[in-house]
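Written out below as structure tokens is the structure these notes cover.
The values are calculated or read from the model by the stated rules, or taken from the named source; none is laboratory data. Owing to the predicted nature of the structure, the values given are computational and were not obtained by experimental measurement. FYI the Cβ positions are ideal-geometry reconstructions off the backbone, even for glycines, and counts take in every protein chain you see. What goes into the accessible areas is simple: the full protein's heavy atoms, side chains included, and nothing from ligands, DNA or RNA. Shrake-Rupley method; radii C 1.70, N 1.55, O 1.52, S 1.80 Å.
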Amino acid sequence: MARGRNVGLVLALISAFAFGGSGVAAKPLISAGLEPLHVTWLRVAGAALVMLPVAWRHRRLLLRRPALLVGFGLLAVAGVQACYFAALSRIPVGVALLIEYLAPALVLGWVRFVQRKPVTRAAAVGVVLAVGGLACVVEVWSGLSFDPVGLALALGAACCQVGYFVLSDHGSDGEDAADPLGVIAYGLLIGAVLLTVVARPWEMDWPVLAGGADMAGTRVPAVLLLGWIVLVATVLAYLTGVLSVRRLSPQVAGVVACLEAVIATVLAWVLLGEHLTAPQIVGGVVVLAGAFIAQSASPKTERPDVEDVGEEAASGLSPELSPDGAVVGSPADRASSPGTGQGLSAGSRAD
């Protein structure tokens, strides 16, 4: 319904802004002496620590949805981050970013040819415009000398981004839908463990966090920047992102997520003094057009509003609602029909 799509669009925009704001906070920390991979580890590990009480509350998910949790942590958290930063060591940033954001096109392919579901024309047109606009935003022509390994790593980040969108969507399937808070909490915990092996945080220059970092001539406490990265650019970003996928669809949410690159570029212009060129401005407008067209696609399902079950809640039956407003079932229903644990798998993100 229109209301669910509008809410999903707002959540997707919040997620895009939160993810897009990670770079302007991370770059001063990197300039202050931290390695990019160490900043990534701090981001994921800090968010996992914040979500630890949530993980404990939803500990039954470990038994009900182990494949979903491992897949989300491996692909949507650790995979995207590790592949992207590894690609940056071999190819230009703009090229790596553009390849990573081929994910919406790959999502369309997954939905159409693997899940064998119809794809709306609006979503397809939105993907074409978004990818073309991104090529201008990142100025892909500024660095065309790269190696095949770097390309493969960037494509790996795009594939992991596909996993983020598809797994977020699969988490809402069935009457025994997985709570997005639990999925995100365990995804971050698993991602933090995997990134620890790659990042080796014991080699980090820890004293940098006790000082400050320069942001366009202004001295900002490093711990404040880290707090933004953890709480806003990770916890809030993942939460609103997963909820937006559940209210829209993987293909539509994926195109709207392309706004992350535009937002990151604009924030870098405003906060870091990095100037925008004419092609970047034009590309940003094209991405916005693509996102606007894609979001006009119909949502995947019709879900009842919370108000539709208000009378049942008032009568004492207290139906359980998934975060997107779907009725999971009353206590009596759950007692007589326990979940089977089927329907969610890792075969089903990113910023």
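List of remarks:
- Some residue of the range 211-223 being under 20 Å from Val77 (Cβ atoms) and surrounded by 13 or more Cβ atoms within 10 Å (Cβ to Cβ): no
- Residues located in the range 10-25, provided they are modelled with pLDDT of 85 or more and open to solvent by 10 Å² or more (accessible area, probe 1.4 Å): Val10, Leu11, Leu13, Ile14, Phe17
- Qualifying residue in the range 229-242 (condition: open to solvent by 30 Å² or more (accessible area, probe 1.4 Å) and either hydroxyl-bearing (Ser, Thr, Tyr) or touching a strand residue (DSSP E or B) at 6+ places or on another chain (Cβ under 9 Å) (or both)): no
- Leu134 aliphatic (A, V, I, L, M), over 22 Å from Val235 (Cβ atoms), crowded, with 18+ Cβ neighbours inside 10 Å and over 16 Å from the mean Cα position of the chain (by Cα): yes
- Residues in the range 194-218 that are in contact with a Gly (Cβ under 8 Å, 6 or more places away or on another chain) and modelled with pLDDT of 90 or more: 3 in all.
- Ala122 under 25 Å from Thr265 (Cα atoms) and modelled with pLDDT under 80: no
- Yes/no for Arg247 being of a type in the set (D, E, K, R), at pLDDT 80 or above, open to solvent by 40 Å² or more (accessible area, probe 1.4 Å) and farther than 24 Å from Gly182 by Cβ: no
- When each of Glu139, Glu175 is tested for being acidic (Asp, Glu) and either at pLDDT 85 or above or open to solvent by 70 Å² or more (accessible area, probe 1.4 Å) (or both), the lone residue that passes is Glu175.
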